[in-house]
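Visitor: Sharing a structure here in structure tokens format.
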Amino acid sequence: MYRQSINHIKLAIIPLDGTVFDLNRFRYNYYHHLCDHKKIPFGVQDFYPHLSSMYDMYKDLPLTNKLDAGPLNSKIERELSQYLNYKGIEPKEGFLELLEYLHQKEIPIAIISTHRTKDAAQYLKLAKIYHKVHFIIGSDAVSSPLPSTDILETTLNHFHVKNNEVLLISSFAALNEAASKMRFNIIYCEDLVEADTYEKETSYKIVHNLFEVLNTLLFDQYDEAEIYSPILGMSSDMTPEELTQVKDELKEKYHDDQQIVDLVNQTYAYHISQLNEQSIKDGSVLLNQTPMRKRFHFDDETQEISKSELFSLTDEEETQEEMSNEVVEKKAEEIHISPLDKEEEIELTELLQQINFSSSQKDESQPILEVAKQSEQTEEIIENNEEEKSSPVFEVFLNIIYIFAISFLVLFAGIIVYITFIHQFEMDQGIFHTIHVVFQAYHSFVNMIFEGILDFLHTFISFIPSYQQYSQSNTMLSIDGVLLLNLFIFQTIIIAIIKGIVHMIKRSLDDESLPE
């Protein structure tokens, strides 16, 4: 066997059917149901070895004598597509995080499928991740199915990378066999069955989910560095200069062996990163890079504070220092104030008496003005209350019409925007993708509320329809009509609640403004 590594990956190949989505399990459940209906024993261990291509997947299975493999495959794919378009589909846990990591590392992502390329693209679009991958290929694009290497060779030629620079995340044995022939780096992510001896022997690592794949990419490279450090003569106790010296000596000694040179560079980079991380933790890097703050001082100060003392000041000490500076400034101002002459003192006294006299007159007149203003405000409030109480029924009717009108205008504006930019929404890019995602989340939230309320009421009151009866058995409205009705009702309730809260706040403010 060849040596596998994850340290120089330039391409990630991920199968759609068992790794990105749980499609292999859906197909197995469908076929298992058909076998149960025919009373034929069939288990997951019988289905797993046949995972290869849509043209061969059902060829040698128990129902071959009763159902033609071609029409059966078309029937399964058609009904599976209809079901997932209705229910929705999401990637497996950890796939979006793995995508984000690969994007950060600028590693292209190729999606391969045991079924048609068109179907693979449709599922990716349905899950809103079509634009996040760089290449899609299905079994209909190659001549030979897995374990033939055709589909992998086509993908490799598209990206022009070396075989040992490819990481393949496999989920079934036929894909492992093809990738081993290509000498790819393989991480086997268990799907339908646990990894057997062959999968373990042909894989770099066996994982249970995509989060473990991500952890492998993040941390296994450091495990390898720890393993090879003693052999290469590097350790975490060495200084950067010592590490550089050892690295240069090893590269000069093994310059003919590129694999050893790569290992030396990787181990050296690991120890340098560890030293940098330690410097950041103990604050030495930040301390050296932090600019010295300016400190205000008086001309009569004789002692100077050193740079290290400035940096050792805590926030409490700085506060005390600022307070002491203010006290010193006040004392300095008091020292520089010159006394007044007698004539200036007499003029200042007369001026203060005039100011006090005028302020006392204002204080006496102020209560009268305040009482007058309060009485005017009280009269206005009473008049407003009388006007409000004059026709409460008519006011309630106007409020209802107002709420329905606002809800209708919001819904109508949304429809106009969608019709105007329908082509942009179908392209699902840029800001229109964001708007579409927000609307889908809002729509799902509204449907969840209606589904919970109707299903809860249906359990106690039988004549109230369940949500499924309400949405699917409705003879008056289409599916889109039910969607619009749900949004209209939900928006009307929200607007009514907001208007009620605003009305209560206004009343409380009016009550507080009344004189006691």
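Visitor: Could you tell me whether any residue of region 85-99 is without any contact (Cβ under 8 Å) to a residue 60 or more places away in the chain and under 17 Å from Val213 (Cα atoms)?
Guide: Yes; the residues of region 85-99 include at least one that is without any contact (Cβ under 8 Å) to a residue 60 or more places away in the chain and under 17 Å from Val213 (Cα atoms).
Visitor: Which one is most open to solvent (accessible area, probe 1.4 Å) among residues in region 182-221 that are outside any helix (DSSP H, G or I) and β-branched (Val, Ile, Thr)?
Guide: Among them, the one singled out is Ile206.
Visitor: Pull up region 64-81, narrow it to residues that are in contact (Cβ under 8 Å) with a residue 24 or more places away in the chain and loosely packed, with under 13 Cβ neighbours inside 10 Å, then point me to the one that is farthest from Ile13 (Cα to Cα).
Guide: Lys66
Visitor: Looking at this structure, is Lys200 at pLDDT 90 or above and among the basic types (Lys, Arg)?
Guide: On the way: at pLDDT 90 or above: no; among the basic types (Lys, Arg): yes.
No, not satisfied.
Visitor: Among the residues of region 38-48, is there at least one that is in contact (Cβ under 8 Å) with a residue 60 or more places away in the chain, open to solvent by less than 80 Å² (accessible area, probe 1.4 Å), within 22 Å of Ala174 (Cβ to Cβ) and under 34 Å from the mean Cα position of the chain (by Cα)?
Guide: The answer is yes; a qualifying residue exists.
Visitor: Also: Identify the residue in region 5-31 that is over 29 Å from the mean Cα position of the chain (by Cα) and under 20 Å from Arg78 (Cα atoms) and, among all such residues, is surrounded by the fewest Cβ atoms within 10 Å (Cβ to Cβ).
Guide: Here the residue is Asn29.
Okay, residues lined up against (1) open to solvent by 40 Å² or more (accessible area, probe 1.4 Å); (2) more than 25 Å from the chain's Cα centre (by Cα):
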{"site": "Ile107", "(1), (2)": "no, no"}
{"site": "Lys118", "(1), (2)": "yes, yes"}
{"site": "Gln122", "(1), (2)": "yes, no"}
{"site": "His134", "(1), (2)": "yes, no"}
{"site": "Ser143", "(1), (2)": "yes, yes"}
{"site": "Thr155", "(1), (2)": "no, yes"}
{"site": "Asn163", "(1), (2)": "yes, yes"}
{"site": "Val166", "(1), (2)": "no, yes"}
{"site": "Ala174", "(1), (2)": "no, yes"}
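Visitor: Among Leu409, Leu487, which is the only one that is modelled with pLDDT of 80 or more and within 25 Å of Ile89 (Cβ to Cβ)? Give the steps one after another, and end with the answer.
Guide: Working: Leu409 fails: within 25 Å of Ile89 (Cβ to Cβ).
None of the other options fit; the residue is Leu487.
Visitor: So which of Arg3, Arg25 ends up being closer than 30 Å to Gln258 by Cβ and basic (Lys, Arg)?
Guide: Criteria check complete, one pass: Arg3.
Visitor: Among the residues of region 460-468, is there at least one that is modelled with pLDDT of 75 or more, within 28 Å of Gly88 (Cα to Cα), of a type outside the set (S, T, N, Q) and open to solvent by less than 80 Å² (accessible area, probe 1.4 Å)?
Guide: Yes - at least one qualifying residue is present in region 460-468.
Visitor: Give Leu84, Leu51, Leu34, Leu61 a once-over and let me know the one that is closer than 21 Å to Asp119 by Cβ and open to solvent by 20 Å² or more (accessible area, probe 1.4 Å).
Guide: Being closer than 21 Å to Asp119 by Cβ and open to solvent by 20 Å² or more (accessible area, probe 1.4 Å) holds for just one of Leu84, Leu51, Leu34, Leu61, which is Leu34.
Visitor: A follow-up question, please. Need the failing condition index for Gln45 against (1) under 22 Å from Ser144 (Cβ atoms); (2) modelled with pLDDT under 90, just the number.
Guide: Condition not satisfied by Gln45: (1).
Visitor: Restricting attention to region 18-28, does a residue exist that is assigned to a loop (DSSP other than H, G, I, E, B) and at positive phi?
Guide: The answer is no, given that none of the residues of region 18-28 is assigned to a loop (DSSP other than H, G, I, E, B) and at positive phi.
Visitor: Still on this structure: With (1) under 23 Å from the mean Cα position of the chain (by Cα); (2) over 29 Å from Ser444 (Cβ atoms) as the list, and Thr64 as the residue in question, which single condition is left unmet?
Guide: It fails just one condition, (1).
Visitor: Checking the conditions here, which among Ile401, Ile382, Ile453 is out of contact with any helix residue (DSSP H, G or I) (no Cβ under 6 Å at 6 or more places or on another chain), modelled with pLDDT of 75 or more and loosely packed, with under 12 Cβ neighbours inside 10 Å?
Guide: So the residue among Ile401, Ile382, Ile453 that is out of contact with any helix residue (DSSP H, G or I) (no Cβ under 6 Å at 6 or more places or on another chain), modelled with pLDDT of 75 or more and loosely packed, with under 12 Cβ neighbours inside 10 Å is Ile401.
Visitor: So, His423, is that one within 24 Å of Tyr130 (Cβ to Cβ) and in contact (Cβ under 8 Å) with a residue 24 or more places away in the chain or not?
Guide: It is false that His423 is within 24 Å of Tyr130 (Cβ to Cβ) and in contact (Cβ under 8 Å) with a residue 24 or more places away in the chain.
Visitor: If only one of Ile14, Ile40 is under 30 Å from Glu106 (Cα atoms) and aliphatic (A, V, I, L, M), which one is it?
Guide: Ile14
The values are calculated or read from the model by the stated rules, or taken from the named source; none is laboratory data. The structure presented is a predicted model; accordingly, all values stated were derived computationally and were not measured. We place every Cβ from the backbone using ideal geometry, glycine too, and count neighbours over all the protein chains shown. These area figures cover heavy atoms from the full protein model, side chains too; ligands, DNA and RNA do not enter into them. Shrake-Rupley method; radii C 1.70, N 1.55, O 1.52, S 1.80 Å.
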